[in-house]
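Undergrad: This is the structure I want to talk about, given as structure tokens.
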Amino acid sequence: MAARRISSVISRSISLRPLSSSIVSQGNRTSLGSEVQRFSTAAALEEPIIPSVKVNYTKLLIDGKFVDSASGKTFPALDPRTGEVIADVAEGDAEDINRAVSAARKAFDEGPWPRMTAYERSCILLRFADLVEKHNDEIAALESWNSGKPYEQSAKTEVPGLARLFRYYAGWADKIHGLTVPADGPYHVQTLHEPIGVAGQIIPWNFPLLMFAWKVGPALACGNTIVLKTAEQTPLTALYVSKLFLEAGLPPGVLNIVSGFGPTAGAALASHMDVDKIAFTGSTDTGKIVQELAAKSNLKPVTLELGGKSPFIVCEDADVDRAVELAHFALFFNQGQCCCAGSRTFVHERVHDEFLEKARARAQRRTVGDPFRKGIEQGPQIDTEQFEKILKYIKSGVESDATLECGGDRFGSKGYYIQPTVFSNVKDDMLIAQDEIFGPVQTILKFKEVDDVIKRANATKYGLAAGVFTKNIDTANRLTRALRAGTVWVNCFDVFDAAIPFGGYKMSGIGREKGIYSLNNYLQVKAVVTQLKNPAWL
């Protein structure tokens, strides 16, 4: 993604066909006893805007061709605004994974891709990035239609982020090299960095385009071939952009896309004996299964980018207005469906009451509605399963005596919309403070001392990210070194530059995505030792 905060990039637009006027009602807030304010559940969303983009790619991409699944089965890709079908997509299973792996293996063992000069590979990646920019609006429309995220977010941040990632890795393609190593004795020693082979990749539904880039970019730059399984909820954009790769000149079989379900296609890919490496982004529980399948098959190396329960720490010297806005963004961005969301908001007791009042007011101002309408900040959750899961967590928060400050229910009567929800008086042992909710639910916890908040912030099985908001450099330095997380943002959040590595401690994963570190996931290191006779020097 761009170096700036994830929400600020150049504006773009797309032709949309409205079915009704463009007013979005947020409903009337009503008092629920005591002083709790909530959004009205009676607010009815207007008829959704239908984007003008056509869905042309719904088949599997295997060996450079779009083909039906071996079984002929399809499954529906749904519009989370309504639950209605956008398109029927080919449902790949184990047989299709076998076909895709065979194509990828042949492309690696016999095809031109690993044998091209690194510069030639770089040129193809750059041509792909150019095509992504050319088709920005169509790609963004598909992304928002299938995932429910605001169109402005897709068009201004995520599609440009896709192009930026591939330009970054195009730049790395001809800079991957080994070393000459001095040894004790008359030997010439060099290390070779070789592509690992066929890479199996499984991406999630919350950021389909960006996770495609994080996985495919470094793998291709290193000269590998790929079989990628999309999330069953969001298959449309990966299929669309894979067509652009063919236009850019990527040889057949180098990139294969199989849409399908985890227990069938995903498990087959993770356990395949002819896949040399697996990369997975998703839940921690599923990550454990992927690692087990990889180990039980051919012991292929695994990188995992998993769940999180990130602390966002507001210190006593904070500018409260700025801290409120940043904490709001850290949690509610992308409907709260972020693995690194700042979902535990720790606020120092001296500023707690002011922060809480302003955080509640900010959540109540958040605009919820059709993601294709201008000015909408929050669209629907991805599907009914996630929608119901979030509502259960909200219920558990109420039942555990956390204070429901606002929200707490569905928004409207159609689709998977949930009111922006804020809890206060949250205790560390509550489910809403321990589990990854993956939804628009902010939990606010009070702290007194830095030592205390360090212990509490680290008292989780996760360690993906953290946020620190303070004016004191000593406090910032202390917290950044004490927090056990793969990324710590100081006075910012969700900064995802292409060069910044991303990954987790503890049960948040293994390995790193993005930056130079991700290249290691797709390379083997070979030492070559040659005896020297009568060398002039050693």
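Undergrad: Give the residue, chosen from Thr303, Thr286, Thr264, that is open to solvent by 10 Å² or more (accessible area, probe 1.4 Å), assigned to a strand (DSSP E or B) and at pLDDT 95 or above.
TA: One residue alone meets the criteria, Thr303.
Undergrad: Of all residues in segment 233-283, count the ones that are hydrophobic (A, V, I, L, M, F, W, C), over 27 Å from Glu110 (Cα atoms) and out of contact with any strand residue (DSSP E or B) (no Cβ under 9 Å at 6 or more places or on another chain).
TA: 0
Undergrad: Right, here's the next one. Just one of Glu120, Glu133, Glu91, Glu84 is within 30 Å of Gln381 (Cα to Cα), acidic (Asp, Glu), more than 23 Å from the chain's Cα centre (by Cα) and open to solvent by 10 Å² or more (accessible area, probe 1.4 Å); which is it?
TA: Every option except Glu84 fails the conditions.
Undergrad: Scan segment 465-496 for residues that are in a loop (DSSP other than H, G, I, E, B) and either over 17 Å from Ala323 (Cβ atoms) or in contact with a Pro (Cβ under 9 Å, 6 or more places away or on another chain) (or both) and jot them down.
TA: Those that are in a loop (DSSP other than H, G, I, E, B) and either over 17 Å from Ala323 (Cβ atoms) or in contact with a Pro (Cβ under 9 Å, 6 or more places away or on another chain) (or both): Leu483, Arg484, Ala485, Gly486, Phe496.
Undergrad: Among the listed residues His328, His348, which satisfies the condition of being closer than 25 Å to Arg456 by Cα and over 25 Å from the mean Cα position of the chain (by Cα)?
TA: His348
Undergrad: Additional query: Just checking, does segment 229-241 include any residue being within 20 Å of Thr117 (Cβ to Cβ), surrounded by fewer than 24 Cβ atoms within 10 Å (Cβ to Cβ) and at pLDDT 95 or above?
TA: Taking every residue of segment 229-241 in turn, none turns out to be within 20 Å of Thr117 (Cβ to Cβ), surrounded by fewer than 24 Cβ atoms within 10 Å (Cβ to Cβ) and at pLDDT 95 or above.
Undergrad: Inspect all residues belonging to segment 210-225 and state whether any of them is assigned to a loop (DSSP other than H, G, I, E, B) and open to solvent by 40 Å² or more (accessible area, probe 1.4 Å).
TA: No: segment 210-225 contains no residue that is assigned to a loop (DSSP other than H, G, I, E, B) and open to solvent by 40 Å² or more (accessible area, probe 1.4 Å).
Undergrad: Step by step: first the residues of segment 110-130, then only those that are touching a Leu at 6+ places or on another chain (Cβ under 9 Å) and aromatic (Phe, Trp, Tyr), then the one that is nearest to Lys243 (Cα to Cα). Which residue is that?
TA: Checked segment 110-130; the qualifying residue nearest to Lys243 (Cα to Cα) is Phe128.
Undergrad: For residues that are of a type in the set (Gly, Ala, Ser) and outside any loop (DSSP other than H, G, I, E, B), scanning just segment 404-458, find the one that is nearest to His352 (Cα to Cα).
TA: Ser424
Undergrad: Tell me yes or no: at least one residue of segment 453-464 is in contact (Cβ under 8 Å) with a residue 12 or more places away in the chain, among the aromatic types (Phe, Trp, Tyr), closer than 12 Å to Ile313 by Cα and surrounded by 22 or more Cβ atoms within 10 Å (Cβ to Cβ).
TA: Looking through segment 453-464, none of the residues is in contact (Cβ under 8 Å) with a residue 12 or more places away in the chain, among the aromatic types (Phe, Trp, Tyr), closer than 12 Å to Ile313 by Cα and surrounded by 22 or more Cβ atoms within 10 Å (Cβ to Cβ).
Undergrad: Let me ask something else. Across segment 332-357, what is the number of residues that are out of contact with any Ser or Thr (no Cβ under 6 Å at 6 or more places or on another chain), part of a helix (DSSP H, G or I) and within 24 Å of Phe438 (Cβ to Cβ)?
TA: 6
Undergrad: Would you confirm whether or not segment 103-117 contains a residue that is modelled with pLDDT of 95 or more, of a type in the set (A, V, I, L, M, F, W, C), part of a loop (DSSP other than H, G, I, E, B) and open to solvent by 60 Å² or more (accessible area, probe 1.4 Å)?
TA: The answer is no, given that none of the residues of segment 103-117 is modelled with pLDDT of 95 or more, of a type in the set (A, V, I, L, M, F, W, C), part of a loop (DSSP other than H, G, I, E, B) and open to solvent by 60 Å² or more (accessible area, probe 1.4 Å).
Undergrad: Find all pairs meeting these conditions: Cβ atoms under 6 angstrom apart; at least six residues apart or on different chains; first residue within segment 352-363 and among the basic types (Lys, Arg); second residue open to solvent by less than 60 Å² (accessible area, probe 1.4 Å) and assigned to a helix (DSSP H, G or I).
TA: These pairs meet every condition: Lys358/Val324; Arg362/Val324; Arg362/His328.
Undergrad: Which one of Lys506, Lys526, Lys533 is within 30 Å of Val450 (Cα to Cα) and either open to solvent by 60 Å² or more (accessible area, probe 1.4 Å) or without any contact (Cβ under 8 Å) to a residue 40 or more places away in the chain (or both)?
TA: After ruling out the rest, the residue left standing is Lys506.
Undergrad: Still on this structure, I have one more. Can you pull out every residue in segment 358-397 that is part of a helix (DSSP H, G or I) and either among the aromatic types (Phe, Trp, Tyr) or outside the structural domain of Asp409 (by the TED database) (or both)?
TA: Hits for segment 358-397 are Phe387, Tyr393.
Undergrad: Considering only residues that are in contact with a strand residue (DSSP E or B) (Cβ under 8 Å, 6 or more places away or on another chain) and within 11 Å of Arg344 (Cα to Cα), which ones fall in segment 425-452?
TA: Residues satisfying the conditions are Val426, Lys427, Asp428, Ile432, Ala433, Val441, Gln442, Thr443, Ile444, Leu445, Lys446.
Undergrad: Here are Ala499, Ala527: which of them is at pLDDT 95 or above and in a loop (DSSP other than H, G, I, E, B)?
TA: Ala499
Per-residue answers, yes or no, for (1) in the same structural domain as Glu385 (by the TED database); (2) charged (D, E, K, R); (3) closer than 27 Å to Thr284 by Cα:
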position	(1), (2), (3)
Cys406	yes, no, no
Phe411	yes, no, no
Lys414	yes, yes, no
Tyr417	yes, no, yes
Pro420	yes, no, yes
Asp435	yes, yes, yes
Gly439	yes, no, yes
Thr443	yes, no, yes
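The values are calculated or read from the model by the stated rules, or taken from the named source; none is laboratory data. Since this is a predicted model, take the numbers as computed values, not measurements. FYI the Cβ positions are ideal-geometry reconstructions off the backbone, even for glycines, and counts take in every protein chain you see. Surface areas here come from the heavy atoms of the whole protein model, side chains and all, with no ligands, DNA or RNA. Shrake-Rupley method; radii C 1.70, N 1.55, O 1.52, S 1.80 Å.
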